[in-house]
Ligand SMILES: [Zn+2]
Ligand SMILES: [Zn+2]
C-alpha cells in the first residue's frame, strides 16, 4: 500500500489516567479513519484488552488494536507494543527488552526528552540496542523537545514514530504514524516498525482537544 496505513501509537484510557473508556476511544479512532490503534495505558495492558473486545463486540473493521503499555521503567517511559497482551512487565529496561524479544514486542522510547514526564533522555544513546524506534513527535510535548528526539533518532538510525499521547478522546489521531504494509494485522504492524517502514506525521491537537485535556487535568487533581 503506497500511502501507508494510519496508526495512533500512543494513547490512554480509563484503564490508567485517560478520561474515556476503551470503547469510546475505539469509536473515536474509527470515526477518524485510523487503521491501527495502539492503546498504551500506564503499566497495564488492560485498556488494550478492553479495546480489542470493544472492536469485536461492535463488529468494527477498523481500527486494529495493538496491545500496548507505557511502561515506567527505571530509566523513563517506554512504549511496549506487542502481538498479544503480556501478563507481566519488567521495570528494568534490559529485562523488559528480554521480555519484548520473547513475546514479539517492539520497544519505543516515549517522549524521550520530555521535561515533565519521566523520560529516557540520553539513555537512548547509551543503550540504543534496547529500542526499536523513538517517538520523535509526541503531540503533547514541546516542539523543540520533539526536534531533539528526531535529531537523535536520525543520528542513531532509528525509525521515528508520532503519536497523540491522548488522555481525552478528542486528542486521538492528532499526530499519527504511517505504516507501510499491505496487511492490517498486528504482526505486520510490528514488522513494519522493526524494519523502519514507517513515517511520523506531525500534528497538534485541535483547540477543542486542548481544552478537553486541560479540563480533564483539573478534574483529575480535585
Ligand atoms: Zn509518558
Ligand atoms: Zn503517555
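Evaluate the range 1-73: find the radius of gyration of its Cα atoms, find its Kirkwood radius, and give the ratio Rg to Rh. The partial results should precede the final answer.
Values: Rg = 11.6 Å, Rh = 11.9 Å.
In the range 1-73, Rg relative to Rh is 0.97.
Pop the C-beta distance of residue 182 and residue 42 into the FRET formula with R0 = 30 Å and round what comes out to the nearest 0.05.
Computed FRET efficiency for residue 182 and residue 42: 0.35.
Between residue 84 and residue 60, with labels modelled 7 Å along Cα→Cβ, what's the label distance in nm to one decimal, could you check?
About 2.3 nm, to one decimal.
From the P(r) of the range 94-222, could you give the percentage of C-alpha pairs in the tail past 24 Å?
Details: 2644 of 8256 pairs.
Result: 32 percent of Cα pairs exceed 24 Å.
On each of the three principal axes of the Cα atoms of the chain, give max minus min coordinate, whole Å, ordered largest first.
Sorted from largest, the Cα extents of the chain read 42, 40, 35 Å.
Take the Cα pairs of the range 73-116, get the Kirkwood Rh, then feed it into Stokes-Einstein at 4 °C and 1.567 mPa s and tell me D in µm²/s. Write down the numbers at each step before the final one.
Working: Rh = 10.9 Å.
Once the numbers are plugged in, D ends up at 119 µm²/s.
Relative to the compact globular guide of 2.2 N^0.38 Å, what is the alpha carbon radius of gyration of the range 143-184, as a ratio?
1.41
Can you tell me which of 76-88, 50-62, 7-19 comes out highest on packing, and rank the rest after it, using the mean Cβ neighbours within 10 Å?
Most protected by this proxy first, the peptides run 7-19, 76-88, 50-62.
From the C-alpha coordinates alone, can you work out the Kirkwood hydrodynamic radius of the range 55-129, in Å?
13.3
Based on the Cβ-Cβ distance of residue 214 and residue 144, what FRET efficiency does E = 1/(1 + (r/R0)^6) give at R0 = 30 Å, to the nearest 0.05? Spell out each step's value before the answer.
Working: r = 21 Å, r/R0 = 0.71.
Approximately 0.90, to the nearest 0.05.
DSSP beta bridges in the chain, what fraction antiparallel, as a percent rounded to 5? Walk me through the numbers on the way to the answer.
On the way: 18 of 32 bridges.
Around 55 percent of the beta bridges assigned by DSSP in the chain are antiparallel ones.
Where the centroid of each part is defined by its Cα atoms, how far is the range 151-166 from the range 1-30 in Å?
19
Every number in this text was worked out from the coordinates using simple rules, so none of it is lab data. Fair warning: this is a prediction, and the values are worked out from it, not measured in the lab. In this analysis, Cβ positions are derived from the backbone assuming ideal geometry, glycine residues included, and neighbour counts consider all displayed protein chains.
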